[in-house]
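This report concerns only the one structure given below.
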2 protein chains.
Amino acid sequence: MTEEAGLPEDIPLAAVRRGELVESVHRGRLAVYDPEGIVLEAFGDPEAYVYLRSSAKPFQALPLVLSGTADAFGLTDEELAVACASHNAEEFHLAAVRSILEKAGLSEDDLQSGAHPPMYGPEAEKMVRRGDDPRPIHSNCSGKHAGMLAVCVHEGYETLSYRDPGHPLQRRILGLVADVCGLKEDEILLAGDNCGVPAFALPLRSFATGLARIATGEELPDELVEAALHVRNAMRAYPFMVAGTERLDTELMERTHLLVKGGAEAVLAVGNPEGWGLVLKISDGSQRAVRPAALAALGHMGVEVGDADSVVRGLHGETVGEIGPLI
Amino acid sequence: MTEEAGLPEDIPLAAVRRGELVESVHRGRLAVYDPEGIVLEAFGDPEAYVYLRSSAKPFQALPLVLSGTADAFGLTDEELAVACASHNAEEFHLAAVRSILEKAGLSEDDLQSGAHPPMYGPEAEKMVRRGDDPRPIHSNCSGKHAGMLAVCVHEGYETLSYRDPGHPLQRRILGLVADVCGLKEDEILLAGDNCGVPAFALPLRSFATGLARIATGEELPDELVEAALHVRNAMRAYPFMVAGTERLDTELMERTHLLVKGGAEAVLAVGNPEGWGLVLKISDGSQRAVRPAALAALGHMGVEVGDADSVVRGLHGETVGEIGPLI
């Protein structure tokens, strides 16, 4: 912790350059751990807490498999992938979410994901042109909510209060996050996520270790191994379901063997099936810094994805600067 | 300069809180100077350079008055204010920009501001609904470009190459920025701004001092005093012209006696007619941190504008956190 304001120690991870100068700089923390909880790489304080936000979705989807819901309702791996998604609300995302709901005997009306315009700009523009308002199914989290509802139906849980931290499904998810990440439940801090379900905060170190376990299937309680690998394989098999067109998670899964899930406020979770979990948090929450910092960090771990620098263009198409990593 | 990466020393200025934790943090620098260049307040390194971006617009508008262009073409103070604007492309902004062009015998076709959707969301949505593409007049900088073109017509300068750093108007603006801020021209670094005209970088200290001079009319070369106060008074008289609905610059000018002009990458320039200039730069370029940091900084200077904290709401309208100052 720095003395300045009780904030975690972080370091400059990415910079926006213009002319001869750095115009803006993004600090952050990142940590890479193996499934046993051994640190492989760390920048900034790995003990300080981080909100997982949507990068918790692979954990939140575990009950779908563990409870037998996915098998009982015949959910496909595309549907499992969209249950782990922060999706673009492209047509194939909406179709997969609807299918989960139908198989569970539910409909769009049961979703309590809240509504926001589609994350993918062209879909949002189409909606404005049609004069339509976004519905809960267009929320990037609607697959997660559909999956949660399906578990409730299968397990006989109440479906109206499924977002409540005290609901049996949410209690079960909290227990799973704790088990996978090697924490006690009371070491995990809860708050409200923007879509209305619990958001989890835990040490960067614990989250990276948990990701390493999900990605490898190693060091997990026996009963979780198959579910973890099923979720991992579904996300890996359908990277466009997990995010969509022009999205970093999809791009990285298309181009590597990694499991990738981003979250709001510039969190990125990466699991390597060959042995580690990496968590990146840009301190200021800026999404634009995630790609250069992540590509540089992956380079440090021996995974070359491509050029971490990208050009910033002005309104006449000319190059006015670039954004790139500082590590 | 920090040892870490040759970056200016900055400090945490604002935080986004969720539940019990700070989820994201915004660092930055701010400095307050009087017209004589005496420091009144500083957080972070005031000597390090900052790109002024659009907060240079009051300086870039000086030739409109100094050259006699505004008088010769009968430009109103509303039109002078829009020449200093990063505007929302609301109808009254577009009308003022068109009027400047017409008075100079030009048209929208002469604007080289580049095009982007209106900054004000509802105007951008209207455009999508109409199926129109944004034109250069919708650019937030179109008033500045119209003003530059008017000066060129009045002064007999070439109007096709007015964006070029070597063009006589751009050379004149550079000289004015140097004179007002107490620098030599070669102490100012130039790069391309996104709209295609030169962007200026100078020490935070020099910019704050220059702002104090523009806002007070003090410590300026004699020939600049009247032009500076004319620009200041026009912006103060028409705060909606300078930005628009739901914009911080407009809000602060409506609620205080200050001169306020923001810029891209989270720069805010504030001039107090009673004696100082304040410059704030959020290091990571996040606009959301400008308001809380600025309101807190103004509070330090004895200007109370209102609550610097604001609530962050989830998709169900519930409070999920807050953003507020750390100073």
>> Using Cα-Cα distances under 8 Å and only pairs 6 or more residues apart, what relative contact order does the stretch A:1-58 have, in percent?
In response: 27 percent
> Where the label is 7 Å out from Cα toward Cβ, how close does B:Glu158 come to the same position in every other copy, in nm, shortest first?
Replying inline: 7.5
> Under the definition of Cα pairs under 8 Å and six or more residues apart, what whole-number percent is the relative contact order of the stretch A:240-306?
Replying inline: 22 percent
>> Once the convex hull of the alpha carbons of the protein assembly as shown is built, what does its volume come to per residue, in cubic angstrom?
In response: 140 Å³
>> Skipping prolines and chain starts, which residues have an amide H placed within reach, meaning under 5 Å, of the one on A:Arg313, given they are 5 or more residues away or on another chain?
In response: A:Val320
>> From the phi angles alone, apply the Karplus equation (6.51, -1.76, 1.60; θ = phi - 60°) to the stretch A:123-129 and give each ³J(HN,Hα) in whole Hz, x where the residue is Gly or Pro.
In response: 5, 5, 5, 4, 5, 4, 5
>> Output needed for the stretch B:240-312: three equivalent-ellipsoid semi-axes, defined as square roots of 5 times the C-alpha gyration tensor eigenvalues, in descending order, whole Å.
In response: 17, 14, 13
> Cysteines without a disulfide-compatible partner in the protein assembly as shown, using Cβ under 4.7 Å as the rule?
Replying inline: A:Cys84, A:Cys152, A:Cys181, B:Cys84, B:Cys152, B:Cys181
> So which aspartates and glutamates pass the test for B:Lys103, namely a Cα distance under 17 Å, with those fewer than 8 places away in the same chain ruled out?
Replying inline: B:Asp71, B:Asp77, B:Glu78, B:Glu79, B:Glu155
> Rg and Dmax of the stretch B:136-254 over Cα atoms: what are they, in angstrom?
Replying inline: 15.0, 39
> If one computes the Cα centroid of the stretch A:226-267 and of the stretch B:241-278, what distance in Å separates the two points?
Replying inline: 43 Å
>> Using a Cα-Cα cut-off of under 23 Å, which lysines could be cross-linked to B:Lys184, ignoring same-chain neighbours fewer than 8 residues away?
In response: B:Lys57, B:Lys281
> Over chain A, what relative contact order in percent results from Cα pairs under 8 Å that are six or more residues apart?
Replying inline: 24 percent
> Just how far, in whole angstrom, is the stretch B:33-62 from the stretch B:68-121 if you go by their alpha carbon centroids?
Replying inline: 26 Å
> Along the charge dipole of the stretch B:1-133, which of B:Ser107, B:Phe43, B:Cys84 sits closest to the positive end, that is, farthest toward it, with unit charges on the beta carbon of Lys, Arg, Asp and Glu (+1, +1, -1, -1)?
Replying inline: B:Ser107
>> For A:Arg130, place a label point 7 Å from Cα along the Cα-to-Cβ direction in every copy; what are the distances to the other copies, in nm, shortest first?
In response: 2.4
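Helix-only estimate, please: 222 nm mean residue ellipticity of the protein assembly as shown, summing -39500 (n - 2.57) across DSSP H runs of length 4 or more and dividing by its residues, to the nearest 500. Intermediate results must be reported in sequence, preceding the final value.
On the way: 26 runs with 246 residues, N = 654.
Result for the protein assembly as shown: -11000 deg cm²/dmol, rounded to the nearest 500.
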> Name the residues of the stretch A:296-327 whose accessible area falls by at least 50 Å² when all protein chains are present instead of the chain alone, probe 1.4 Å?
Replying inline: A:Leu315, A:His316
> Label-to-label distances across copies for B:Glu322, with labels 7 Å out along Cα→Cβ, in nm, shortest first?
Replying inline: 4.3
> Across 5 Å bins from 0, what is the distribution of all Cα-Cα pair distances for the stretch A:19-109, in whole percents?
Replying inline: 2, 10, 15, 16, 13, 10, 10, 11, 8, 3, 2, 1, 0
>> Cut-off under 27 Å on the C-alpha distance; same-chain residues fewer than 8 positions from B:Lys126 excluded. Which lysines are left, in chain and number order?
In response: A:Lys126, B:Lys144, B:Lys261
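The values are calculated or read from the model by the stated rules, or taken from the named source; none is laboratory data. As the structure is a prediction and not an experimental result, all values here were calculated from the model. So basically every Cβ, Gly included, is an ideal-geometry build from the backbone, and we count neighbours across all protein chains shown. Only protein heavy atoms, including side chains, enter the accessible area calculation; ligands, DNA and RNA are left aside. Shrake-Rupley method; radii C 1.70, N 1.55, O 1.52, S 1.80 Å.
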